[in-house]
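Participant: Here's a structure for you.
Every number here is computed from the coordinates shown, using simple stated rules; none is lab data. All figures in this text were calculated on a predicted structure; none of them were measured in a lab. Ideal geometry is used to build each Cβ from the backbone, glycine not excepted, and the neighbour counts take in all protein chains shown.
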Amino acid sequence: MNNTALTSSLERWFATNARDLPWRTTHRDPYRSLVSELMLQQTQVSRVVEKFEPFLERFPSVAALAEATEDEVLAAWSGLGYYRRARLLHTCAKAIVDRHEGVVPDSLDELLKLPGIGRYTAGAIASMVFGQRAPIVDGNVTRVLLRVHNKPIPQADKATVDWAWQRAEALVNACDDPATFNEAMMELGATVCVPKGPRCLQCPISAECGALAAGTTESIPLPKPRAKQKHLYCASVVMRSTRSVLLEQRPGSGMWAGMFQLPTLEREDRAHEPGELVEAGFADPEHIESFTHVTTHRIVEFAIYRASAPTKTPENLRKHPIGSLDTLAISNAQMKALRIAGILES
Ligand code: SF4
């Protein structure tokens with residue numbers, strides 16, 4: 001494979017094939033790039049497109065984000081999932097204010113010292129915003145490289161990832177413009193060299209692709225063994241008045257940390273019986289609907305109940321006006337529960 005032939009084909013292709021995305025502006029702003037990179041990790045582009053501008057309107061600068069409370073940041077992040085990233089972005093903004101007077105640093109080393117910034121994000125900002133020859137590797141880039149080199153090996157193994165970083169570094173050093181090249185690799189993986197059914201007829205680097213020549217594109221990378229998902233059973237109880245609903249806040253660590261939810265009983269072995277809800281203090285529980293929510297590590301079976309609202313608000317619960325729920329951090333699963341209960345519109 002010829003490094004220069006590959007990088008120049010890819011850069012030319014990107015100039016006319018890049019998707020129009022809100023963070024892709026002619027002059028890249030470091031703060032916008034930081035926010036977009038954190039949002040894009042583990043979340044679909046279409047969902048990020050919806051949430052990106054409203055988040056930036058709410059927190060228009062590093063300083064504004066650093067000054068916000070964690071609850072405000074989590075609320076603005078609602079719908080993007082994986083809320084740990086929102087906390088990391090918030091901590092990162094505070095560190096940029098403390099260490100760099102609110103200005104995102106342009107050096108790869110300084111970027112890497114910031115909380116929440118790993119090698120990928122540091123490389124993305126250093127190359128795409130500041131034009132440095134810093135490589136980036138994520139799942140998309142690794143898959144493209146494995147196919148180009150016709151390597152039928154598991155994608156997530158440490159040896160594979162180390163190899164991908166070395167290859168990405170060689171390519172970014174051979175390219176014309178690191179910002180264009182890095183984004184083009186990501187774009188190719190996201191839109192053409194996709195996990196299933198790569199669109200090789202539309203691929204700008206097909207002449208350099210070992211897997212295409214060998215007829216192995218569909219079998220690279222090797223599938224990773226699937227981790228066994230644990231079951232969790234949740235009984236969520238709706239207790240409302242005309243204008244408000246009772247919610248609890250989850251603990252500050254663990255799954256859905258710090259987020260608001262309907263009062264919920266959880267167990268791992270089996271679903272709850274209605275009598276157990278009565279024992280837990282919920283009067284006259286009536287089952288409304290059940291649904292399954294699947295995460296990377298869990299299969300969560302939700303049962304939604306309606307119960308009579310207590311005359312006195314229990315200590316661990318707070319009344320929240322229904323009109324203000326969009327200012328709270330609420331997981332997608334609990335949003336669905338609130339819609340099932342008719343509290344939020346479908
Ligand atoms: S030719 Fe096909 S498999 Fe090879 S890089 Fe292009 S899209 Fe991927």
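Participant: Helix 178-191: angle to the longest alpha-carbon principal axis of the chain, degrees 0 to 90, nearest 10?
Facilitator: Compared with the principal axis, the helix lies near 60 degrees.
Participant: Could you give the distance between the Cα centres of region 93-114 and region 19-78, to the whole Å?
Facilitator: Cα centres, region 93-114 to region 19-78: 17 Å.
Participant: Going by average Cβ neighbours within 10 Å, how do the peptides 131-140, 222-231 rank, with the highest at the top?
Facilitator: On the way: 131-140: 20.0, 222-231: 10.0.
In descending order of packing, they fall as 131-140, 222-231.
Participant: Please give, to one decimal in nm, the separation of the simple spin-label points placed at Tyr120 and His100, each 7 Å out from Cα toward the Cβ.
Facilitator: Result: 2.0 nm between the two label points.
Participant: Where a ≥ b ≥ c are the square roots of the eigenvalues of the C-alpha gyration tensor, would you call region 230-340 rounded, which needs a/c under 1.5, or, failing that, prolate if a/b is larger than b/c, or oblate? Each step should come with its number before you reach the end.
Facilitator: Working: a/c = 1.62, a/b = 1.16, b/c = 1.39.
Oblate.
Participant: Let me ask something else about it. As I understand it, the value is the acute angle between the Cα axis of helix 84-100 and the longest principal axis of the Cα atoms of the chain; what does it come to in degrees, rounded to 10?
Facilitator: In the chain, helix 84-100 runs at an angle near 70 degrees to the longest axis.
Participant: For the chain, find the longest principal axis of its Cα atoms and tell me its angle to the long axis of helix 119-128, 0 to 90°, nearest 10.
Facilitator: 60
Participant: Same structure again: Can you pull the percent of Cα pairs in the chain with separation above 30 Å?
Facilitator: Details: 28477 of 59685 pairs.
Percent of Cα pairs beyond 30 Å in the chain: 48.
Participant: Shifting gears a bit: Out of residues 5 or more away from Ser244 or on other chains, whose amide H comes under 5 Å of its own, with H placed 1.01 Å from N in the peptide plane?
Facilitator: Ile322
Participant: Follow-up question, since we're still on this one. Please report, in debye to the nearest 20, how large the charge dipole of the chain is about its Cα centre when each Lys and Arg carries +1 at its beta carbon and each Asp and Glu carries -1 there.
Facilitator: Details: 39 positive and 40 negative charges, 121 e Å.
With Lys and Arg at +1 and Asp and Glu at -1, about 580 debye.
Participant: What's the magnitude of the charge dipole for region 230-340 around its Cα centre, counting Lys and Arg as +1 and Asp and Glu as -1 at the beta-carbon? Answer in Debye, nearest 20. Don't skip to the answer; put the middle values down first.
Facilitator: On the way: 13 positive and 13 negative charges, 92 e Å.
Rounded to the nearest 20 debye, it is 440 debye.
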